[in-house]
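Notes to accompany the following structure.
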Amino acid sequence: MKRPFRRGWPFAALFIFVGILLWGGFNTAMEATNTLPFCISCHEMRDNVYQEYQGTAHHANPSGVQATCSDCHVPREWGPKVVRKIQASRELYHWLLGTIDTREKFLAKRPALAESVWAAMRETDSRECRNCHDFSAMKMREQGRFAAERHRRAREEGKTCIDCHQGISHALPPLPPLDEDPDLELGEEINETCAGCHGDKGQGTPDGEYPRLAGLDPRYIARQIELFKTRKRINIPMLPYANDRELPAADIPAVAVYLSRIELPSKLPPVEEVGEGFDALARLEASKAVLNIPRYPGNVDAGGRIYRRECAGCHGRRGEGDPHKGGPMLAGQHSAYLLRQIGRFRKQERQHDTEADSRLFRAFGDDEIRDILAWLSVQDDD
C-alpha cells in the first residue's frame, strides 16, 4: 500500500522552493531599498537632505564608519522594518503627487516633516540611534566636559537622543521670526538710548565693559532683556532701562531685530584710487562701522581643538552662534567681555545653562581659556 505523503511530496517541495524564492526576493528587494544610492535616486532627496548630510559626522569621520539613511530611519528588527516600509508607501504617493518636487515646496514642508521624524524617534526612544550609541558604552571621561555632563543628566532624567541631537545630519527648519513685521524705526529710536553704552552701531567696547550687540540673534537679545527685567540676570547699568516703563514687552522685538540686522564688517574694502572722486568723509564714516577683534595672546591651534570639543555644539563650528540651541555668537565678540563673562560663570554670578555649569567652567585652566579666546579672536580675520 502506497503512503499518501509519498505521492504529494513533489508538490510540497515545489511549494517550499517557491516560498523560499518569494521570501528571498522580498527580502532582497527590501534590503535594496535600504541603500544610499536608492535613497537619493529621486532629486527631492539628492538635492536637499543629501547635500546637508555630506560632510557631517555620519557621512565622513576619522573612524570611517558611515551611517546612511536607513541606519537612522529604518529599524533593524524585521517586524518594525516591514511596518516602516509599509509607511513609506505614503512617501511614494507624495512623490507621485510632486508634494516636495521643488526646493520651495520642500522648505515649506520641512517643519512638518521634521516634527514627524522627531516624534517617531521619541516614540521609539531613539531606537535607531541606539543601534550604534548607548549610554552604557560611553566613556564619558573621554568626552568634552559639557558633553559628558549633559549625557549624564540626560541619562538620569530619562531623555532620549533626539531631545538634544536634532539636526545632527540635516539642517534644522528655520525658527519662526521674533516679529513678523518689526518696527525698525522704533528699534532705531530705542537704540539711541542703548548707544550710550553699546555704541550707535551696537559695536560694544573693547575693554569688555559693554558687549557687542550688532548681529546677535534677536531671540538671544530679547531673552537677555527679559532676564534683566526679571532680575534673573543682574547688571547695575541696565537697571534704569530694563523695566516695563522704559522698555515695555511690546517694544523688545523692535530693538532686538534692529540690532540683529546691523552688519559690522571686519575690514574696510581696499581703495582702488585716491583721486578727484574720493570721498574722505564717507571713508571715515565707513571705518567707524569696522570691528575686527585684536589677536588675543594664546595658542590658536590648541584653542581651536578645545573649542571644537567643548563649545562648538552650542555656539557653532566657528563661533557664529546657534539660534536653535540658544548659543550666542562668540566670534566677533570682544575678548575682554567673553573673559569677564567666563569669570562670572565660574563665580555663579551669572548662570550659563544650568547651575552645574559653574563647576565645569572652574575645571578649565586659565591657559585653556586663553587659548580658546585666542582662537575666537582670529575667526573674523577672513
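Test of understanding: among 223, 231, 212, which residue is surrounded by fewer than 19 Cβ atoms within 10 Å (Cβ to Cβ) and in contact (Cβ under 8 Å) with a residue 24 or more places away in the chain?
223
Matching residues to (1) farther than 26 Å from residue 59 by Cα; (2) over 19 Å from the mean Cα position of the chain (by Cα); (3) outside any loop (DSSP other than H, G, I, E, B):
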site	(1), (2), (3)
113	no, no, yes
117	no, no, yes
120	no, yes, yes
155	yes, yes, yes
169	no, no, no
175	no, no, no
189	yes, yes, yes
200	yes, yes, no
221	yes, no, yes
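Every residue in the stretch 288-305 that is outside any loop (DSSP other than H, G, I, E, B) and under 18 Å from residue 213 (Cα atoms), please.
288
Yes/no matrix, rows are residues, columns are (1) in the same structural domain as residue 126 (by TED's automatic domain parsing); (2) under 30 Å from residue 153 (Cα atoms); (3) not hydroxyl-bearing (Ser, Thr, Tyr):
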position	(1), (2), (3)
169	no, yes, no
173	no, yes, yes
176	no, yes, yes
194	no, no, yes
198	no, no, yes
201	no, no, yes
204	no, no, yes
210	no, no, no
215	no, no, yes
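Identify the single condition in (1) surrounded by 16 or more Cβ atoms within 10 Å (Cβ to Cβ); (2) touching a His at 6+ places or on another chain (Cβ under 9 Å); (3) free of Cβ contacts under 8 Å to residues at least 60 places away in the same chain that residue 117 does not satisfy, given that it satisfies every other one.
That leaves (1) as the condition not met.
Tell me yes or no: at least one residue of the stretch 359-373 is within 24 Å of residue 222 (Cα to Cα) and either of a type outside the set (Lys, Arg) or without any contact (Cβ under 8 Å) to a residue 24 or more places away in the chain (or both).
Within the stretch 359-373, none of the residues are within 24 Å of residue 222 (Cα to Cα) and either of a type outside the set (Lys, Arg) or without any contact (Cβ under 8 Å) to a residue 24 or more places away in the chain (or both).
Identify the residue in the stretch 349-377 that is part of a helix (DSSP H, G or I) and among the charged types (D, E, K, R) and, among all such residues, is surrounded by the most Cβ atoms within 10 Å (Cβ to Cβ).
371
What do you reckon, is residue 101 assigned to a helix (DSSP H, G or I) and not β-branched (Val, Ile, Thr)?
no
The rows are residues; the columns are (1) buried (at least 16 other Cβ atoms within 10 Å of the Cβ); (2) closer than 27 Å to residue 83 by Cα.
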{"residue": "111", "(1), (2)": "no, yes"}
{"residue": "127", "(1), (2)": "yes, yes"}
{"residue": "139", "(1), (2)": "no, no"}
{"residue": "144", "(1), (2)": "yes, no"}
{"residue": "156", "(1), (2)": "no, no"}
{"residue": "159", "(1), (2)": "yes, yes"}
{"residue": "170", "(1), (2)": "yes, yes"}
{"residue": "176", "(1), (2)": "no, no"}
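Failed condition for residue 126, given (1) assigned by TED's automatic domain parsing to the domain that holds residue 81; (2) at negative phi, with all others met?
Against the list (1) assigned by TED's automatic domain parsing to the domain that holds residue 81; (2) at negative phi, residue 126 comes up short only on (2).
Which members of the stretch 323-357 meet the condition of being at pLDDT below 95 and among the polar types (S, T, N, Q)?
348, 351, 354 - these are the residues of the stretch 323-357 that are at pLDDT below 95 and among the polar types (S, T, N, Q).
Please find, within the stretch 239-288, the residue that is surrounded by the fewest Cβ atoms within 10 Å (Cβ to Cβ) out of those that are among the polar types (S, T, N, Q) and closer than 28 Å to residue 181 by Cα.
That would be 243.
The values are calculated or read from the model by the stated rules, or taken from the named source; none is laboratory data. As the structure is a computational prediction, the values presented were derived from the model and not from experiment. Ideal geometry is used to build each Cβ from the backbone, glycine not excepted, and the neighbour counts take in all protein chains shown.
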